[in-house]
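What follows is a short report on a single structure.
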Amino acid sequence: MMGLLDQGGYRVSSNPSEASLVVVNTCSFIQEAREESVRALVDLAEKDKQIIIAGCLAQHFQEDLLNSIPEAKAIIGTGDYHHILQVLQRIEKGEIVNKVSQIPTFVGDENLPRYRKRGEFVSYLKVAEGCDYNCAFCIIPRLRGKQRSRSIESIISEANQLAKKGVKELILISQITTNYGLDIYGKPCLDELLRALGNVDIPWIRVHYAYPTGLTSEVIQAFKDVHNILPYFDLPLQHSHPDVLKAMNRPWQLDLNTDLLERIRNQLPDSIFRTSLIVGFPGETEMHFNHLVSFIEKQEFDHIGVFTFSSEEGTKAANLPNQVPSSIAQARKDKIISIQQPIAEKKNQAWIGRTVDFLIERIDQDTGELVGRCSRFAPEVDGLVRIKYDLRSTKLIPGMMIPALITGSDLYDLTGKVITTKEMVFSARNNY
Ligand code: SF4
């Protein structure tokens, strides 16, 4: 939408106070996200901003939402964002616009313009939209429609355009990235896509949202073979106990998740693992929860996101018996966090002494540090690497990728130092 607005001659700002009209791209995945979206809308309405409500909340509540916020000039559905310019033109004529397709079918391609802010070196690239699965807790298929993948050619063409613009890290996203291609090629083709991306001049390509059964040996092999695909596995496993997984309508076969992690570790010992978990799913007993606790203690994930179950109207899980009281779900969430913290700290510590590629993302003038990441951390969800640096020097600037030695760690972040070529060779010899 930003790309289209920019191309259409509008001045785009990420600061709402500079804008006469604000487009809010909303989330409606769970109650908490809806509350956050509505808070943002009310806040803008109180500041007398004109508002366009886009995304999942608009898709979910449609005309009701439009009627509840008089400052809202339009709603745009999840499959309608490419109409942003026409919607804006209609608003300028005084119309109130409802642009929500009942069944979203659109997926963007390489011809949609992209807006990149100066100093941004990471780009998300949507490889498919929608989901054909039916996890019992999830409302996404209703809000985003059936899966529709882009062709490999379209994705590669956009990736090449982004490479030319200086992007250093590309993050492949969709609702279920391991199912990429199934709808258009008759079989999942993530392995082929990854191999094709090996020819794109972007040093880091990261895959988000891998469904456990989709990490076939072909896909893992592609992770291993293709030089710029990071061995970073974002696996939303949700739980470990087969009873709970079965009730969630997720792959539940005994030890499936354990086997998968073992297979990946055997092939790519240096892999980084992130997972997300749901606690307090209906029917989750102490026994099920203890199974999850043992699982995370044993598997030692690098990064975990844990959520309490949110009962979503229109999903199967909302009507399941044995709903878990929210106080118990919250206590379970707290317990998972307290178990994971020392694991995360230990995992971070293990990076001390390693030489890494460090992507400089910004310079912190207050602390005199270069701030960025190494491949261990995905943007926005994981930690950062901070490096003390003489800011009078102009040699190092954001967007550069340089070798750095990790010298310190805490619970979430790493610290390091820039190393010379000589030191780099020395460290390589010693690690060999
Ligand atoms: S695979 Fe992901 S998007 Fe699809 S239904 Fe399950 S949780 Fe929702």
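Does THR258 satisfy the criteria of being surrounded by fewer than 18 Cβ atoms within 10 Å (Cβ to Cβ), at pLDDT below 95, of a type in the set (Ser, Thr, Tyr) and assigned by TED's automatic domain parsing to the domain that holds TYR232?
yes
With the structure loaded, tell me whether LEU260 is out of contact with any Lys or Arg (no Cβ under 7 Å at 6 or more places or on another chain) and within 16 Å of the ligand (Cβ to nearest atom) or whether it fails that test.
In short, yes.
Kindly indicate whether any position in region 24-40 is touching a residue at least 40 places away in the same chain (Cβ under 8 Å) and of a type in the set (Asp, Glu).
Yes, there is a match, as at least one residue in region 24-40 is touching a residue at least 40 places away in the same chain (Cβ under 8 Å) and of a type in the set (Asp, Glu).
Can you tell me which residues in region 368-406 are within 22 Å of LYS346 (Cβ to Cβ) and surrounded by fewer than 16 Cβ atoms within 10 Å (Cβ to Cβ)?
VAL381
Check off (1) surrounded by fewer than 22 Cβ atoms within 10 Å (Cβ to Cβ); (2) more than 16 Å from the ligand (Cβ to nearest atom); (3) modelled with pLDDT of 95 or more for ASN249 and give me the number that stays unchecked.
With (1) surrounded by fewer than 22 Cβ atoms within 10 Å (Cβ to Cβ); (2) more than 16 Å from the ligand (Cβ to nearest atom); (3) modelled with pLDDT of 95 or more applied to ASN249, the lone miss is (2).
Say whether the condition of being within 16 Å of the ligand (Cβ to nearest atom), out of contact with any Leu (no Cβ under 6 Å at 6 or more places or on another chain) and not in a loop (DSSP other than H, G, I, E, B) is met by at least one residue in region 82-98.
no
Where in region 251-350 are there helices (runs of 4 or more DSSP H), lying fully within it, with 2 or more residues that are among the polar types (S, T, N, Q), over 25 Å from PHE223 (Cα atoms) and in contact (Cβ under 8 Å) with a residue 40 or more places away in the chain?
326-349
Could you run through region 41-57 and say how many residues are over 21 Å from the mean Cα position of the chain (by Cα) and either surrounded by 14 or more Cβ atoms within 10 Å (Cβ to Cβ) or touching a residue at least 12 places away in the same chain (Cβ under 8 Å) (or both)?
So the count comes out to 11.
Could you list, in sequence order, all residues of region 1-30 that are under 25 Å from ASP109 (Cβ atoms), in contact with a strand residue (DSSP E or B) (Cβ under 9 Å, 6 or more places away or on another chain) and outside any loop (DSSP other than H, G, I, E, B)?
Selection gives MET2, LEU5, VAL23, VAL24, ASN25, THR26.
Scan region 109-123 for residues that are in contact (Cβ under 8 Å) with a residue 12 or more places away in the chain, surrounded by fewer than 16 Cβ atoms within 10 Å (Cβ to Cβ) and closer than 23 Å to LEU193 by Cβ and report the count.
Result for region 109-123: 3.
Please find, among PHE281, PHE295, PHE307, the residue that is more than 16 Å from the ligand (Cβ to nearest atom) and of a type in the set (Phe, Trp, Tyr).
PHE295
GLU92: among the charged types (D, E, K, R), surrounded by fewer than 15 Cβ atoms within 10 Å (Cβ to Cβ) and touching a Phe, Trp or Tyr at 6+ places or on another chain (Cβ under 9 Å), yes or no?
No; evaluated as a whole, the condition is false for this residue.
Out of PHE289, PHE281, PHE307, report the one residue that is of a type outside the set (D, E, K, R), assigned by TED's automatic domain parsing to the domain that holds LYS224 and within 22 Å of the chain's Cα centre (by Cα).
PHE307
The values are calculated or read from the model by the stated rules, or taken from the named source; none is laboratory data. Computed from a predicted model, the values in this text were never measured in an experiment. Quick reminder, even Gly has a Cβ in these numbers, built from the backbone with ideal geometry, and neighbours come from all protein chains shown.
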